[in-house]
Amino acid sequence: MINREIDAKVRAWIEANRRQIIDLWLELVRIPSVVSAPEEGAPYGKAARAALDYCADMFSGFGFDTRIGDDTYAVSTYGEGKKSIGLFGHADVVPGGDGWTYTTPFEPVIIEDTMIGRGAGDDKSGIMMALGVLRMFRELDLPLKCKLVSIIGSAEEVGSPDMAAFIKNEPMPDFSMTPDAGFPCAIGEKGIYRFYVTPKQAFESVVAFRGGDAINVVVDKTVIELKKLDGLVQELQSKLQGRTDITMLEGVSSVTLTAQGISAHVSAPQNGINSNKLIAALLRDVQALSESDREGFAVMDKLLSDYTGEIFGINFSDPTFGALTIGNGTGRMADDNIELGFNVRYGVGETGEWLEKQTEQAFEGFGWPVVRSDNRPAFVLKDSCTLPLELAELYNELTGKSSKPYTMGGKTYATPLNLAGDCTQAIGIGTCIGTPTADGKAGLEMPKGHGGAHAPDEKIWIPGFFEAMRLLVQYVLATDEYLNK
């Protein structure tokens, strides 16, 4: 049950500190903390390190004992308890991408109580939630038997190698929450199998190809440059007549096509429109291209057409996570040939080893062999842990809903923490409670393909963020009691 006396103090504190939190948050979003090439003291690039430093300075500036470990993560603590509660967030973001309408990726704006900017939600909101909660427990002297620990990483969007360093170097919290998911709480996350393929028969006419910068985002913009073959321009002009999703630019010796799709998180590829597929579907029937190239684009079109894995023999479903999904997130030129990157999200009913073997055989059969890959298995919280049910009750009490703990296709730090072995439990939670206002609005409404975590115009509703911060205080109180029974 929500502690109403504490909740009243929390709401008053949030109102008094709202402007300061938003200003600090905006500054953090302005840092273009996309992981890049390693440099001295910055294993994931200067920008990711700059964001990590900003967070460490922010926490230490409010008086919390803070340090940076292994140049990859920051740890801030409050309290002296023998047991600990971890709040995990990440300062790195996916690339800004194209197609933004309201601002540019790293120039955040606020419109209709909605913050827009890359990382505003994923996951710089999680960092600001943790800061607010640590401050409230200290400044309001809220009851706490455990130690409260904020851990901020800098490479979550590229597979969480930063957590390997944390797990190796640091004591594990007894229970952890990562505000990088949804409410009431995520108790399981699908496995991720990422792999890259390239055709055995190189394309003769392709000069350059670029489609997608992050393998966890459905490709929404593709640029391909083709040799200016006889009749190519005229044929493309005819095929593109009346279309707005693909444009053509004629050069002296080449022709450039730009396709615009719709971005989506790759765990739900059915929600997007893959621009790499738009290009392949167009070029498979262009007679000005060689027969070999037409066949190559026809196969490429087929590979990008199935997000269930059926044509690859991997269309598996289990009662815990539901259906497997496969999405394409990247495309580039590698050794004068097209390379495509795929992202499979799978449950606990199939093993990673089986999945890899089946996928490699299938793509080999299509003439696009796997050239490199990596795999991280799924996890589901132990049945013996009843805390998620208690947290769901708190969420439902606050919102009037009847939600239950759930499993999801996305990945957070909860996966490496749970798979580490000596961590008790870790769950994902949200950073925004989207309860509409009296007029039914819950922030700025955007067109399809905009506003999502990895999409153009990434957004978060600020009143919903503060409601989530308010709830997280109650989650910490409940976790503290649970760990000290």
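Coordinate-derived values only; no laboratory data. The structure presented is a predicted model; accordingly, all values stated were derived computationally and were not measured. Note that each Cβ is placed from the backbone with ideal geometry, even for glycine, and that neighbours are counted across all protein chains shown.
Less than 5 angstrom separates the built amide H of V370 from those of E364, all sequence-distant by 5 or more or on a different chain.
When the charge dipole of region 108-210 is built from unit charges on Cβ atoms (+1 for Lys and Arg, -1 for Asp and Glu) and taken about the Cα centre, the candidate among P179, V109, S160 whose Cα reaches farthest toward its positive end is S160.
Applying a DSSP loop filter and a limit of 15 other Cβ atoms within 10 Å to the GluC sites (Glu not before Pro) in region 380-469 leaves E445.
Put in order of Cβ neighbour count within 10 Å, fewest first, the listed residues I14, I224 become I14, I224. For the listed residue pairs K83/K459; K168/K190; K459/K485, the alpha carbons are over 28 angstrom apart in K83/K459; K459/K485. The translational diffusion coefficient of region 75-123, from Stokes-Einstein at 25 °C and 0.890 mPa s with a Kirkwood hydrodynamic radius over alpha carbon pairs, comes to 181 µm²/s.
Taking every pair of Cα atoms in region 61-217, average 1/r, invert it to obtain the Kirkwood radius, and report Rg/Rh to two decimals.
Numbers: Rg = 19.6 Å, Rh = 18.4 Å.
Radius of gyration over Kirkwood radius for region 61-217 works out to 1.06.
Each Lys and Arg Cβ is given +1 and each Asp and Glu Cβ -1; about its Cα centre, the chain then shows a dipole of about 660 debye. Restriction of the GluC sites (Glu not before Pro) in region 14-101 to DSSP coil positions whose beta-carbon has at most 11 other beta-carbons within 10 angstrom yields E40, E80.
The mean sequence distance of close C-alpha pairs (under 8 Å, at least 6 residues apart), as a share of the length of region 192-376, puts its relative contact order at 32 percent. Cβ crowding within 10 Å ranks K124, K147, K401, K190 as K401, K147, K190, K124, fewest other Cβ atoms first. Taking amide hydrogens as modeled 1.01 Å from N in the peptide plane, which residues meet the under 5 Å criterion relative to V35, leaving out close sequence neighbours? Those qualifying (amide H under 5 Å, at least 5 residues apart or on another chain) are V93. Here region 192-376 is treated with +1 on each Lys and Arg Cβ and -1 on each Asp and Glu Cβ, and its dipole about the Cα centre works out to around 360 debye. The string of couplings for region 342-349 from the Karplus curve (6.51, -1.76, 1.60, θ = phi - 60°) is 10, 9, 9, 10, 9, x, 9, x Hz, one whole number per residue in order, with x for Gly and Pro. The Cα atoms of region 298-419 cover 57, 27, 25 Å along the three principal axes, with the biggest extent listed first. For the pair region 352-369 / region 211-242, the C-alpha centres are spaced 27 Å from each other.
On a per residue basis, the convex hull of the C-alpha atoms belonging to region 331-485 measures out at 176 Å³.
Take the Cα of T103, step 7 Å along the line toward its Cβ, and report every residue of region 14-37 whose backbone nitrogen sits under 17 Å from that point. From region 14-37, the list is 19-34. In this rough spin-label picture, where each label sits 7 Å from Cα along the Cβ direction, the T256-V223 distance is 0.5 nm. With Rh defined as the Kirkwood radius, the inverse of the mean 1/r over Cα pairs, the Rg/Rh of the chain is 1.00.
Across the options A47, Y78, V94, the greatest Cα extent toward the positive end of the charge dipole of region 34-108 (unit charges at beta carbon of Lys, Arg, Asp, Glu) belongs to Y78. Of the residues H450, H265, the one with the fewest other Cβ atoms within 10 Å heads the list, and the complete ranking is H450, H265. When the Cα positions of G296, G341, P369 are compared along the charge dipole of region 192-376, G341 comes out farthest toward the positive end, with charges on each C-beta of Lys, Arg, Asp and Glu.
Once divided by 2.2 N^0.38 Å, the Cα radius of gyration of region 36-91 becomes 1.23. Remark: region 125-132, residue by residue, has Karplus-estimated 3J(HN,Hα) of 5, x, 5, 5, 4, 4, 4, x Hz, where x stands for each Gly or Pro and the curve is 6.51 cos²θ - 1.76 cosθ + 1.60 at θ = phi - 60°. Post the alpha-carbon centroid distance, region 32-107 to region 255-287, in whole angstrom. Between the Cα centre of region 32-107 and that of region 255-287, the gap is 33 Å.
Report the extension gain between A8 and D285 in nm, rounded to one decimal, defined as 0.36 nm multiplied by the number of residues separating them, less their alpha carbon distance.
Values: separation 277, 0.36 × 277 = 99.72 nm, distance 6.54 nm.
Full-extension gain reported as 93.2 nm.
Residues of region 379-411 falling in the label zone of S317, defined by backbone nitrogen less than 16 Å from a point 7 Å along Cα to beta-carbon, are 409. Shown here: region 212-325, whose C-alpha atoms stretch 55, 26, 24 Å along the first, second and third principal axes, sorted largest to smallest.
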